[in-house]
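The values are calculated or read from the model by the stated rules, or taken from the named source; none is laboratory data. Since we're looking at a predicted model, the values are computed, not measured. Ideal geometry is used to build each Cβ from the backbone, glycine not excepted, and the neighbour counts take in all protein chains shown.
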Amino acid sequence: MFKIMILLTKKQAMSDDDFARYLLGEHVSVAKKMPGLRKYVVNIVQKPPNREPEYQGVSELWFDDRESMKKAFSSTQGSLAQKDTENFASKSITLFIDEHEIN
């Protein structure tokens with residue numbers, strides 16, 4: 001499988017709770033419908049003491065392969081998900097992951 005991780009920075013005007021609520025609610029309802037998406041995990045970053053984290057959310061998305069991921073993001077649903085990110089995130093960074101599970 002092919003995995004991407006997306007690091008998300010919330011819009012400055014949003015509270016941490018509003019960011020988490022939007023990401024886990026409205027955004028997930030759009031993004032989870034992308035064709036070829038095999039697994040979708042959303043992580044909300046907890047605020048460490050005495051500082052603001054650089055990222056407030058991390059999304060993990062699994063596809064069969066890189067081509068499936070490209071098709072998903074170029075689909076109508078993928079375009080909607082990307083556009084919706086602008087509603088709650090000021091910055092997003094996509095990482096292409098070669099995952100190694102260690103037991």
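Counting only residues that are out of contact with any helix residue (DSSP H, G or I) (no Cβ under 6 Å at 6 or more places or on another chain) and under 22 Å from residue 79 (Cβ atoms), which one in the range 20-36 is surrounded by the fewest Cβ atoms within 10 Å (Cβ to Cβ)?
Of all residues in the range 20-36, those out of contact with any helix residue (DSSP H, G or I) (no Cβ under 6 Å at 6 or more places or on another chain) come to 20-26, 28-29, 32.
If we keep only those that are under 22 Å from residue 79 (Cβ atoms) as well, we get 22-26, 28-29, 32.
Numbers: 22: 19, 23: 25, 24: 13, 25: 9, 26: 13, 28: 16, 29: 11, 32: 13.
Applying the filter and picking the extreme gives 25.
Could you go through the range 51-65 and let me know if any residue there is of a type in the set (A, V, I, L, M), surrounded by fewer than 18 Cβ atoms within 10 Å (Cβ to Cβ) and in contact with a helix residue (DSSP H, G or I) (Cβ under 6 Å, 6 or more places away or on another chain).
For the range 51-65, residues of a type in the set (A, V, I, L, M), surrounded by fewer than 18 Cβ atoms within 10 Å (Cβ to Cβ) and in contact with a helix residue (DSSP H, G or I) (Cβ under 6 Å, 6 or more places away or on another chain): absent.
Can you tell me which residues in the range 19-37 are in contact (Cβ under 8 Å) with a residue 60 or more places away in the chain and among the charged types (D, E, K, R)?
Matches in the range 19-37: 26 only.
Given the conditions (1) within 24 Å of residue 1 (Cβ to Cβ); (2) outside any helix (DSSP H, G or I); (3) modelled with pLDDT of 95 or more; (4) touching a Lys or Arg at 6+ places or on another chain (Cβ under 9 Å), report the number of the one that residue 99 does not fulfil.
Condition (3) is where residue 99 drops out.
Output the residues belonging to the range 1-39 that are outside any helix (DSSP H, G or I) and among the basic types (Lys, Arg).
3, 10, 11, 32, 33, 38, 39
The rows are residues; the columns are (1) of a type in the set (A, V, I, L, M); (2) assigned to a loop (DSSP other than H, G, I, E, B).
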| residue | (1), (2) |
| --- | --- |
| 53 | no, yes |
| 67 | no, no |
| 73 | no, no |
| 77 | no, no |
| 80 | yes, no |
